[in-house]
Amino acid sequence: MSIPRIPIAEWVEALEFWLETNAEPLFDGIKLIIGATVNGMADLFNFLPALVMIGLFTILAFWIGRYRIAVFTLIGLLLILNLGYWEHTMETLALVLTASFISIVLGVPIGIICASNNKVQNVITPVLDFMQTMPAFVYLLPAVAFFSLGVVPGVVASVIFSIPPTIRLTNLGIRQVPSDLVEAADAFGSTPMQKLYKVQLPIAVPTIMAGINQTIMLSLSMVVIASMIGAQGVGADVFKYVTQAKTGQGFEAGLAVVVLAIILDRMTQNLVKKNKKG
């Protein structure tokens, strides 16, 4: 006697159909906002001459991480410009920054709620485990179903894939605040909001920034996958050259992604170090 098959696929498709039918205005609004943000940011990055933008990024890198990261930023971005991937790299940067911003705006408050409520943490943790272990390609299916092809489903899939570190490390950072400091804040009559903003968050900032760093890196790792559903940028170049078996050009496009990843990683890491020194 065979055991009846659990119709998980049918349940998921029924939920997808219900959402498409009843939440279409919501998805249209999200699509409009995200699309305008990414395109506007990409247009802004490409509006100024490339050399001006390289100079601005180099100054920012020097302010954050001093001369070593500034020199690497200058050389790396000049290399990207020389290889002809500047415009596409700026499109990728706009996608990554948008996805990271959404992840931070959503992830930090969720992490704070998890830190203040064990029941919420017990519910959220399995969801985060699911999000981190599900193959990234699977996120493309509902993203395309709800937002069609283009950059928006790429951003949505990147947010789903990259938000867990921000939530986890925000939760961890607040929970690691020494209990004697929390008790002292309570003894002085601090409200929960005062305790959060004046004691817990300032101490937890380095841990939260580490989570944000991981979120940015995971967002960047999605750019090639997102290109499969119409997201533009240097990820689309990598995907095109891979399908055409053009090893050299694929390596050049991949190198642009690597340079951008290293710059973003070093900048966020140095922000954490500056906070600790402060």
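See the values below:
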read-out	value
Residue match in the stretch 187-200 (condition: within 23 Å of the chain's Cα centre (by Cα), modelled with pLDDT under 90 and assigned to a helix (DSSP H, G or I))	no
Unique residue being assigned to a helix (DSSP H, G or I), surrounded by fewer than 24 Cβ atoms within 10 Å (Cβ to Cβ) and touching an Asp or Glu at 6+ places or on another chain (Cβ under 8 Å) when the list is 217, 209	217
The stretch 222-256, residues that are under 21 Å from the mean Cα position of the chain (by Cα), touching a residue at least 60 places away in the same chain (Cβ under 8 Å) and surrounded by fewer than 24 Cβ atoms within 10 Å (Cβ to Cβ)	225, 227, 228, 229, 230, 232, 236, 255
The stretch 123-137, subset of a type in the set (A, V, I, L, M), within 19 Å of the chain's Cα centre (by Cα) and in a helix (DSSP H, G or I), residue surrounded by the fewest Cβ atoms within 10 Å (Cβ to Cβ)	127
Tally of residues being charged (D, E, K, R), exposed (fewer than 12 other Cβ atoms within 10 Å of the Cβ) and assigned to a helix (DSSP H, G or I) across the stretch 1-27	2
Pairs where the first residue, in the stretch 83-97, is more than 10 Å from residue 237 (Cβ to Cβ) and the second is outside any helix (DSSP H, G or I) and of a type in the set (A, V, I, L, M), C-beta under 9 Å, 6+ apart	91/231; 95/222; 95/231; 96/222
Residue match in the stretch 174-188 (condition: crowded, with 22+ Cβ neighbours inside 10 Å, under 23 Å from residue 122 (Cα atoms) and out of contact with any strand residue (DSSP E or B) (no Cβ under 8 Å at 6 or more places or on another chain))	yes
Criterion (touching a Cys at 6+ places or on another chain (Cβ under 8 Å) and assigned to a helix (DSSP H, G or I)) met by exactly one of 96, 105, 120	120
Among the residues listed as 44, 77, 51, the single one being at pLDDT 90 or above and surrounded by fewer than 17 Cβ atoms within 10 Å (Cβ to Cβ)	51
In the stretch 63-107, the residues that are of a type in the set (A, V, I, L, M) and within 16 Å of residue 266 (Cα to Cα)	64, 69, 70, 71, 74, 75, 77, 93, 96, 97
Qualifying positions in the stretch 56-96 - over 25 Å from the mean Cα position of the chain (by Cα) and of a type in the set (Gly, Ala, Ser)	84
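The values are calculated or read from the model by the stated rules, or taken from the named source; none is laboratory data. Quantities reported herein were computed from a predicted structural model and do not represent experimental measurements. Every residue, glycine among them, receives a Cβ derived from its backbone with ideal geometry; neighbour counts consider all protein chains shown.
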